[in-house]
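What follows is calculated from the coordinates using simple rules that are stated; it is not laboratory data. Predicted model, so just to flag it, every value in this text is computed and none were measured. We place every Cβ from the backbone using ideal geometry, glycine too, and count neighbours over all the protein chains shown.
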Ligand code: XUL
């Protein structure tokens, strides 16, 4: 029997799965929700909601407390950690943690008599961590682009133009606004490499998947790019861990976890990756040919790429594929943010959202559209004051639900042309993918069947699969066990609705351009 642990530190929760890779079963699946289980941090959705000027930060001590709580609860549920052979993880992308030079020493000296949060609090050189929702660094993006000769150069080197939420611009802002604390910083980690370091008991590398979301790694040699480092902040090379392939081992698990939770001292740690790269693995999409749409706090569309190809409009990104090679990603910030806003406004639940509201309205919504940008949007980049409706007419609940879903998926279709792939199927994941009505709108807008897998979360499963892959298990074999589309969950497109959406797409593009060009 081969048991592996996959962890997933997302915006709103920390989750774990234990996979039995021989039998191909998920043995355990558990989550700690930051808002509900750690309410004393006053971050109900996992981040500080009082940030101004587009700043969105989280408390890294909350993440540490969540790790102790999650493992304690699993142990109370009779999980025997001594049988786990390897552990890896998935982290929300782009977020960064700033640590003093004492970080490594403190990690080495951790005692099981105390907890992680108490022992590591004094290692932080910055008390909060900017996360992917932060849109406050437009100035820094422009400065970085200018310093290296334009955004085309940033994009051809790093796979993305300079992007507000990416780690490089965030580091620049910190270095400029708080130079003393920046100088005190010994190491800057991503959420993924921070957790991986805690587990390994030493600073470990940033993987090529999550490293691609920093505007600092050069895609051609998968290493830090000196020009981008120089354009970002003084002395940055000395503060970053190395880059490494995603299946790299980082040594046996720290003695803290052996003593406190009963892990075996031979349990191997594998470096972590970002949530979208892990989800690519969890969805069984590591080889080119499958397009995945993940419906989460943000919605993302991603696919493995045969060769790196960048988005001429600047919205798409290229990251390292954890299985080797590259992956593309497009992120839409107003995902469940917008769906939930409509659900709450019309006092619906997910059942009535689908059954009552959606079934009352026809595909195309009689031309009633909306631009569902409750928060500044990433794709397209729009600094909005709120959603825009195409008509003054009072939208019924059915019309509003249909308008939010159609606009989200038409926006996705409009902004994924550059990938140059016409998917023959779409693989849908994330919380909202369980909703048949939502899956049907995706199938109709893209005109292809939609498959769903029977896994709790593709990023968490992908983290577990990556742990096994790091131990040397075959990825194809792992995919055949854990990433199979579930029979009976495929949604076929309705040809009449597809025709309507083919005609509707230019109207939606025109509405978007009319509202946001100038
Ligand atoms: C991707 C992105 C989000 C986060 C969510 O670029 O910003 O999908 O990874 O955790």
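Assorted remarks:
- Nearest-ten-degree value, helix 167-177 long axis tilted from longest Cα axis of the chain: 70
- Fully extending the segment from residue 367 to residue 146 would add 75.3 nm, taking 0.36 nm per residue of separation and subtracting the current Cα-Cα distance.
- Here 469, 40, 415 are placed in order of increasing Cβ neighbour count within 10 Å, fewest first, which gives 40, 415, 469.
- Fewest-first ranking of 217, 465, 27, 369, using other Cβ atoms within 10 Å as the exposure measure: 27, 369, 217, 465
- Applying 1/(1 + (r/R0)^6) with r as the Cβ-Cβ distance of residue 352 and residue 75 and R0 = 51 angstrom yields a FRET efficiency of 0.85.
- Most tightly packed first, judged by the mean number of other beta-carbon atoms within 10 Å of their residues, the peptides 198-204, 239-245 read 198-204, 239-245.
- As a rough footprinting exposure proxy, the listed residues 257, 174, 127 were ranked by other beta carbons within 10 Å of their own, and the order from fewest upward is 127, 174, 257.
- Size check on segment 3-277: the Cα extents along the three principal axes, sorted descending, read 56, 39, 32 Å.
- For the pair residue 42 and residue 108, label points projected 7 Å from Cα toward Cβ lie 3.9 nm apart.
- Take 345-352, 473-480 and order them by the average number of nearby Cβ atoms within 10 Å per residue, most first; the result is 473-480, 345-352.
- Take each peptide in 116-125, 438-447, 84-93, count the other Cβ atoms within 10 Å of every residue, and average; sorted highest first, the result is 84-93, 438-447, 116-125.
- Counted over segment 3-277, the DSSP beta bridges are approximately 70% antiparallel.
- Put a dot 7 Å past the Cα of residue 22, heading toward its Cβ, do the same for residue 49, and the two dots end up 4.8 nm apart.
- Percent of beta bridges antiparallel (DSSP, the chain, rounded to nearest 5): 70
- Cα-based helix-to-principal-axis angle, 495-516 vs the chain, degrees rounded to 10: 80
- Full extension of the chain between residue 502 and residue 514 yields a length gain of 2.4 nm, computed as 0.36 nm times the residue separation minus the alpha carbon distance.
- q = 0.15, 0.17, 0.21 Å⁻¹: log10 I(q)/I(0) that the Debye formula gives for segment 105-238, counting C-alpha atoms only: -0.74, -0.92, -1.29
- Expressed in Å, the radius of gyration and Dmax of the Cα atoms of the chain are 22.1, 65.
- Span from the segment 331-350 Cα centroid across to the segment 351-371 one, whole angstrom: 13
- Hypothetical label at residue 156: residues of segment 202-221 whose amide nitrogen lies under 15 Å (7 Å Cα-Cβ projection): 218-221
- Spatial separation of Cα centroids for segment 7-46 and segment 383-425, in angstrom: 30
- Extending 7 Å from the Cα toward the beta-carbon at both residue 138 and residue 418 defines two label points whose distance is 1.9 nm.
- Helical contribution to [θ] at 222 nm, DSSP H n ≥ 4, -39,500 (n - 2.57), averaged over the chain, rounded to 500: -10500 deg cm²/dmol
- At an R0 of 35 angstrom, the distance between the Cβ atoms of residue 392 and residue 486 translates into a FRET efficiency of 0.20.
- Taking all pairs of distinct alpha-carbon atoms in segment 250-402, Kirkwood radius in angstrom: 18.7
- Between segment 236-314 and segment 134-209, the Cα center-to-center distance that results, in Å: 17
- Between helix 138-148 and the chain: long-axis angle, C-alpha atoms, 0 to 90°, nearest 10: 70
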